[in-house]
Amino acid sequence: MRDTGLRAKYIHRFHVEDADADGVVDRSDILLRAERLIDGMGEPVGSPRAAAVLAGAEAYWQRLAELAGVDDDGELTEDVYVQTLEEAVQTGAIAGLVAPSVEAHVQLADSEGTGTVVLDDFIRAQVASGMSTAMAGEAFAALDRDGDGRITVEEWQRAVLDYYTNADADVRAPGSLVMGLR
């Protein structure tokens with residue numbers, strides 16, 4: 001696959017995931033992003049929700065490294081990262097790659113314990129992940145398609161999967177918004 005729309009999205013994600021901006025994505029980048037999310041949400045480090053976020057990040061890295069053919073302590077260049085995502089989409093592995101991380105992110109943002117995320121919590125979580133407040137609000141509105149004021153794991157996962165699989169480069173698409181594409 002060499003779709004330029006998807007490739008641009010994957011390059012964007014590479015730069016988001018390269019948390020220390022050293023030009024490669026590795027396990028420490030993925031865990032650093034998870035730790036920043038936990039800290040930004042004010043979650044105690046040893047809490048079950050923080051542990052779930054770290055476990056989701058670890059699962060994401062393990063699967064990404066496996067798909068890329070690198071060891072746990074390996075590094076992914078931009079080209080390898082993009083190629084790995086392209087192959088994950090082609091083989092149908094993308095859902096299994098991103099699901100644990102999305103589920104943990106939603107669990108952390110769900111302050112009410114309802115299995116859903118309300119606007120204020122969504123904004124806090126997305127700002128903690130590096131998104132602006134305005135963009136987070138716009139993303140919430142796009143994700144909340146049924147207008148009930150809550151986002152479910154399924155709605156969030158559907159948007160993330162759409163981001164990785166839909167070549168449409170529309171920056172207003174729910175997946176593009178939730179993933180911070182501008």
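Couple of notes before you dig in:
- Taking 0.36 nm per residue of separation and subtracting the Cα-Cα distance, full extension of the segment from ALA95 to THR114 would add 4.5 nm.
- Between ASP22 and SER47, the simple spin-label model (points 7 angstrom out along Cα→Cβ) gives 3.0 nm.
- For segment 21-81, the relative contact order works out to 49 percent when only alpha carbon pairs closer than 8 Å and six or more residues apart are counted.
- Full-extension gain in nm, LEU32 to ASP168, via 0.36 nm per residue minus C-alpha separation: 46.0 nm
- Fluctuation leader among GLY74, GLY147, GLY23 - the chain, Gaussian network, Cα springs under 10 angstrom: GLY147
- Heavy-atom surface of segment 60-116, accessible at 1.4 Å and reported per residue (Å²): 45 Å²
- Shape of segment 23-122, Cα gyration tensor, a/c cut at 1.5: prolate
- A simple spin-label model places the labels of SER132 and GLN62 3.8 nm from each other, with each point 7 Å out along Cα-to-Cβ.
- For segment 1-111, the share of accessible area belonging to carbon and sulfur comes to 50 percent (1.4 Å probe, ligands and nucleic acids excluded).
The values are calculated or read from the model by the stated rules, or taken from the named source; none is laboratory data. What you are looking at is a predicted structure, and each value in this text was computed from that prediction instead of being measured. Cβ: placed from backbone, ideal geometry, glycine included. Neighbour counts: every protein chain shown. In case anyone asks, the SASA skips ligands and DNA or RNA and just uses the protein heavy atoms, side chains included. Shrake-Rupley method; radii C 1.70, N 1.55, O 1.52, S 1.80 Å.
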